[in-house]
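K.L.:
Below is one structure. I have some questions about it.
The values are calculated or read from the model by the stated rules, or taken from the named source; none is laboratory data. Quick caveat: nothing in here was measured; it's all calculated off a predicted structure. Positions of Cβ are backbone-derived with ideal geometry, glycine not excepted, and every protein chain shown enters the neighbour counts. Surface areas here come from the heavy atoms of the whole protein model, side chains and all, with no ligands, DNA or RNA. Shrake-Rupley method; radii C 1.70, N 1.55, O 1.52, S 1.80 Å.
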Amino acid sequence: MYCLPLAITALLSVFCSINYIPIVNADGKEGEILPPTIQKLMKGYNKYLRPFFDNGPVTVGMSLDIASIDTISEINMDYTATIFLRQRWTDERLCFEGNKSLSLDGRLVELLWVPDTFIVDSKKSFLHDITVENRLIRIYPNGTVLYALRITTTVACSMDLTKYPMDKQTCTLQLESWGYNINDVMFYWTRGNDSVKGLNTLRLAQYTVEDHYTSVSEAVYETGRYPKLVFHFDLKRNILYFILETYVPSILLVVLSWVSFWISQSSVPARICIGVTTVLTMTTLMMGARTSLPNANCFIKAIDVYLGICFSFIFGALLEYAIAHFCTLHPRDLKNIIKDLEEDDDIDMNGTINAISSGENNQTEIDTCKKKKSRDGRVVKCGKGFHCHSYCFQVENPHHIDNYSRVSFPLCFIIVNVIYWVYYLYF
């Protein structure tokens, strides 16, 4: 009854002994069972020593595929991207006969020497492991090793938000060697600027990738000089969303505040209601625009400037009605003002003549007063010691204030808008 299972077990043992040979790890324990070709390559192989250990640095070529850029955060000043990182180098100890490459299980990378590459400004990163670790290892007959990884990383990106939301940002992805300096390892891009692919097909929510390029440099630290590869990409923010979300509502609020210029000054509740409502709504809009941005006092953003301009015009419209209403309730009689001035002049002149007739030795200055009534109703009196005193601004018809405001407010707003957009779009 037990003969059949025993025969199957013996047959499997013979098959395994023919095709696979067990290897022993450095600690003396039996390790994974590898095919004869791989075991032959691993014979005498020391993964703790880099290739060309006594014969100059090993050159490592790199290329990237940008699978996605998930988020770009202005609050945290970083971006999250999923990339395929590919590294190539030549290890003379892995040369074998044949014309076909060997694709190995990613878990066998633990048996080989690999570069200690890391992402410099990474805040957090992880290697995808569903359903297995997303790693690829391939060995070519000339000893070239291809090592590929799928990584999701969150990388810091310093942003200048002074022109937000008309800003352009330049972010980088920097790759360095952690422990091997330039005497041990040299990095290079395998195809120059074409070493990075995938950006042309990306569709980002708020940005458009305008340009990207690569560079090779060195990182200098206290412990030495290390190889460094840098990938630069320029991001331009799409302003259409902000025009519909912020700029258009703020412009409409400013225009709404001008409606009060066409309402009678006697309709106090209506004009006050429009003024206060627009001021409060504009304040809410300003607070909402800042919730998605970092609370940094050093950043005076373009959108803050525009919202401040709109708020000033809305508040100015409210003050305009306050001034016009005050002039309506407190009219001044210009004739009485002129009469009072003439009486004051007569008193001053009589006092001066009396002082001269009394024989005083001190020279007394006699100033003549000139009075005129300008078209806007302002009366100016020049007095002693060349001091000028201006009487209160007088409007003969307070309703003219609304007539002037209907023209001056829109004209000033248009001029300010032209200056604003020209400056932030072209300078």
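K.L.:
Could you compute Rg(Cα) / (2.2 N^0.38 Å) for the range 52-102, with N its residue count?
P.N.:
Cα-based Rg divided by the globular estimate yields 1.86.
K.L.:
At 0.36 nm per residue, minus the direct Cα-Cα distance, what do LEU329 and TYR48 gain on full extension? Give it in nm, one decimal, please. Intermediate results must be reported in sequence, preceding the final value.
P.N.:
Details: separation 281, 0.36 × 281 = 101.16 nm, distance 9.32 nm.
Taking 0.36 nm per residue and subtracting the Cα distance, the gain is 91.8 nm.
K.L.:
Still on this structure: Amide H neighbours of TYR207 under 5 Å, at least 5 residues apart or on other chains, H built in the peptide plane: list them.
P.N.:
Result for TYR207 returns ASN238.
K.L.:
Now for a separate question. Based on the Cβ-Cβ distance from TYR426 to TYR221, what FRET efficiency comes out when R0 is 45 Å, to the nearest 0.05? Don't jump to the answer; show the numbers that get you there.
P.N.:
On the way: r = 41 Å, r/R0 = 0.91.
The pair TYR426/TYR221 has a calculated efficiency of 0.65.
K.L.:
Also: How would ASP54, ASP65 line up by accessible area, probe 1.4 Å, largest first?
P.N.:
Ranked from most to least accessible, the order is ASP54, ASP65.
K.L.:
Could you order PHE326, PHE233, PHE299 so the one with the most accessible surface comes first? Probe is 1.4 Å.
P.N.:
PHE326, PHE299, PHE233
K.L.:
While we're on this one: What's the FRET efficiency of VAL418 with TRP262 using the Cβ-Cβ distance as r and R₀ = 22 Å, to the nearest 0.05?
P.N.:
0.30
K.L.:
Near the amide H of VAL60, under 5 Å away, which other amide H atoms are found, from residues 5 or more places off or on another chain, if H is placed in the peptide plane?
P.N.:
Sorted by chain and number, the residues that satisfy this are MET186, PHE187, TYR188.
K.L.:
Please list 3J(HN,Hα) in residue order for the range 263-269, calculated via the Karplus relation 6.51 cos²θ - 1.76 cosθ + 1.60 where θ = phi - 60°; whole Hz, with x for glycine and proline.
P.N.:
Values, residue by residue: 9, 4, 5, 6, 8, 4, x Hz.
K.L.:
So who's got an amide H within less than 5 Å of the one on GLY143, skipping anything under 5 residues away but keeping other chains? H placed 1.01 Å off N, in plane.
P.N.:
PHE96
K.L.:
Say R0 is 51 Å: what FRET efficiency, to the nearest 0.05, do THR59 and MET287 get from their beta-carbon distance?
P.N.:
Using R0 = 51 Å, I get an efficiency of 0.40.
K.L.:
Further, regarding this structure: Would you kindly state how much longer the chain becomes between ASN134 and THR172 on full extension, computed as 0.36 nm times their sequence separation minus their alpha carbon distance, in nm to one decimal?
P.N.:
My answer for the length gained is 11.3 nm.
K.L.:
Checking the table LYS124/LYS236; LYS124/LYS163; LYS163/LYS236; LYS123/LYS163 against a 21 Å threshold on Cα-Cα, which pairs fail?
P.N.:
Long pairs (Cα-Cα over 21 Å): LYS124/LYS236; LYS124/LYS163; LYS123/LYS163.
K.L.:
A follow-up question, please. Full-extension gain between THR201 and PHE315, please, as 0.36 nm times their residue separation minus the C-alpha to C-alpha distance.
P.N.:
Full extension from THR201 to PHE315 adds 36.4 nm.
K.L.:
Another question, then. Calculate the spin-label point distance for ASP160 paired with THR82, positioning each point 7 Å from the Cα along the beta-carbon direction, and give it in nanometres.
P.N.:
So the two model labels end up 3.4 nm from each other.
K.L.:
With a cap of 12 neighbouring Cβ atoms within 10 Å, and only residues DSSP puts in a loop, list the chymotrypsin sites (Phe, Trp or Tyr not before Pro) found in the range 123-178.
P.N.:
Numbers: sites: PHE126, TYR147, TRP178; in loops: TRP178.
In loop regions of the range 123-178 (DSSP not H, G, I, E or B), the sparsely surrounded chymotrypsin sites (Phe, Trp or Tyr not before Pro) are TRP178.
K.L.:
A further question follows. In vacuo Debye scattering of the range 116-199, one point per C-alpha: log10 I(q)/I(0) at q = 0.12, 0.21, 0.23, 0.24 Å⁻¹?
P.N.:
-0.55, -1.34, -1.42, -1.43
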